[in-house]
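Contents: one structure, followed by commentary.
The values are calculated or read from the model by the stated rules, or taken from the named source; none is laboratory data. Everything numeric in this text was worked out from a predicted model, so none of it was measured. Quick reminder, even Gly has a Cβ in these numbers, built from the backbone with ideal geometry, and neighbours come from all protein chains shown.
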C-alpha cells in the first residue's frame, strides 16, 4: 500500500488559490460557459495553470552540470552534478537517476543513486532500490527494506527556519506542515 | 579460534538461503545494557554498522541525537568484488579500505552497534576495524558486538539486526554473508584490549554479547 512503483511519477495537484468551480466537474452538471473554462484549465496554459498537474519530468538521457533549481515538483531520472534546489517542492529521483549534489527540497523521494546531502523540510523517502551516500536532515523519514544508506540522519523536530519559511511560502491556505514530532516510518518488502 | 574461511567445510556449502522476513525475536541483555548507557547521554551520536534498518533509525533517533549508518560488510564485499576468492585475504588492503570507510573524526561517537560483523568480515579487516572503532568512540562510550559460540557452524545464517524494543532484537536471516570464524573469549579480549572494560553476556542461542566500554 505504501510502495510506489519506480516508474511512478509524483502527481501533485495544486489547489486553486481561491474558491471556484471544481476543476474536473461532471460536464453534464455544468453550464456551457463553465465547461469551456474547465476544458481550458485541463490544457497546459500559462494563464490558467492552477488546475493542471505540475510535475516536470527529466528523462534518463539528460545530464546536468551545475545548479538545478525550480519552483515546481520534479521527477528526475537523469544525471546531475552540482546542486539541486527545489526549496518548497517535491523531488523524485527515478531508478535511473544519478545525482552527485546536495539537495534541498520540501520532500525528496529516492529510487536511484545519490552522493550528497539531503535537506528536506518535510520528508525523505528512501525506496528499496535507493543507494544514498550522504547525510539526511528532515522531519520525517521513510526507509524501505533494501535501501542502502550511508551517512548521518538528523531528525528535525521543527523544520530549520529557512526551510520552514520556504514551505510556508508555498501557499498560506494549502500548506500543511508535517507533524512536529520526529517520525520514521517502517516499511518492508512484500 | 575456529576458522571456516578457506576450509572445505565452509566452501562446499552453499550460502544459506533463508526466507527473508521470517524475523526471530530474541531478548538481548547486552542491548538492554547498551540502551541503559545510551539513555545517560544527551543527544548521543550513534553509529550503526549494520545494514540500513528503519527500525534501528527510528529507535535510535528517539534519543534525540544523530544516527550514522555505515554497512561495513557490504562495503567490504564491494571492495573484494574485483578480487578472486584466493586473493581476497592477500589483496584487500585495510589501509586503503579504511581511508574510505569508518572515516570519522576521533571521539565522534557515544555508542557504536557492531552487531556480529567481526564474525563475517574478512580477516584482514577485523583488527583494523576494531582499532578504528576504538579511535572514533569517545572515552566512556560503549560498543555492542555479538559473537557466535563454538556450537555455531559455517552455515550459521547471517542475520540483519532490527531493534524491536528496548530489550528485544529481531533477527532477519539474509543470504549475503558466510560465517568466517569463531572467536573464543581470549581472542575477544585481545581484540578489544584498547577498551577499558568488557562485559560478556551469554545468550541461549549460541551468541555471546559483548559490551565494550572505551
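Computed quantities for the displayed model
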| read-out | value |
| --- | --- |
| Sole residue being in a loop (DSSP other than H, G, I, E, B) and in contact (Cβ under 8 Å) with a residue 12 or more places away in the chain, chosen from B:152, B:212 | B:152 |
| Search result, residues across region B:52-73 that are more than 7 Å from chain A (Cβ to nearest Cβ) and assigned to a helix (DSSP H, G or I) | B:56, B:59, B:60, B:72, B:73 |
| Those residues of region A:58-75 which are within 14 Å of the chain's Cα centre (by Cα) and touching a residue at least 24 places away in the same chain (Cβ under 8 Å), in sequence order | A:73, A:75 |
| Among the residues listed as B:189, B:106, the single one being over 24 Å from residue B:77 (Cβ atoms) and in a loop (DSSP other than H, G, I, E, B) | B:106 |
| Filtered residue count, region B:22-51, keeping only those that are within 14 Å of another protein chain (Cβ to nearest Cβ), farther than 16 Å from residue B:171 by Cβ and either over 19 Å from the mean Cα position of the chain (by Cα) or without any contact (Cβ under 8 Å) to a residue 12 or more places away in the chain (or both) | 2 |
| Among (1) modelled with pLDDT of 90 or more; (2) over 30 Å from residue B:42 (Cβ atoms); (3) not in a helix (DSSP H, G or I), the one test that residue B:142 misses | (2) |
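Residue-wise test of (1) touching a strand residue (DSSP E or B) at 6+ places or on another chain (Cβ under 7 Å); (2) crowded, with 17+ Cβ neighbours inside 10 Å; (3) at pLDDT 90 or above.
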residue: B:14; (1), (2), (3): no, no, no
residue: B:22; (1), (2), (3): yes, no, no
residue: B:37; (1), (2), (3): yes, yes, yes
residue: B:64; (1), (2), (3): no, no, no
residue: B:68; (1), (2), (3): yes, yes, yes
residue: B:83; (1), (2), (3): no, no, no
